[in-house]
Amino acid sequence: MFTPKYPRPDTAPMPATTPPPVYNPTAYAPTPVPAAPAATRPAVQLTPGSVLTLAVGGGALVLVVGAVLVSMLLAVAITAASVAVCAVVIRSILKSDRR
């Protein structure tokens, strides 16, 4: 009852094997790739106009992000104050209801 039951051994005939291929190192030698000519990139030149544009754009970005963050903080503060007022009102209603 508690003895293991093993599967019967496979009786299929073994397939005919071919000899392994002979290693030929020249068959796998990489072919040389011609080198690409060095690309010359022009240096970035900052003109007074582009510096002014970057400064104005950066300032506008800071103002917009600051306004968004301040408005989110204000929304959280208003929500917290209204929840606190509601808690005080409900507490006073429950306290006066017990009397």
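Can you tell me which residues in the range 24-36 are hydroxyl-bearing (S, T, Y) and at pLDDT 75 or above?
none
So which residues in the range 60-99 are among the basic types (K, R), surrounded by fewer than 10 Cβ atoms within 10 Å (Cβ to Cβ) and assigned to a helix (DSSP H, G or I)?
K95, R98
Residues in the range 28-42: is at least one free of Cβ contacts under 8 Å to residues at least 24 places away in the same chain and assigned to a helix (DSSP H, G or I)?
The answer is yes, given that some residue of the range 28-42 is free of Cβ contacts under 8 Å to residues at least 24 places away in the same chain and assigned to a helix (DSSP H, G or I).
The values are calculated or read from the model by the stated rules, or taken from the named source; none is laboratory data. Values in this document were obtained by computation on a predicted structure and should not be read as measured data. Here Cβ is always computed from backbone atoms with ideal geometry, including for glycine, and neighbour counts include all displayed protein chains.
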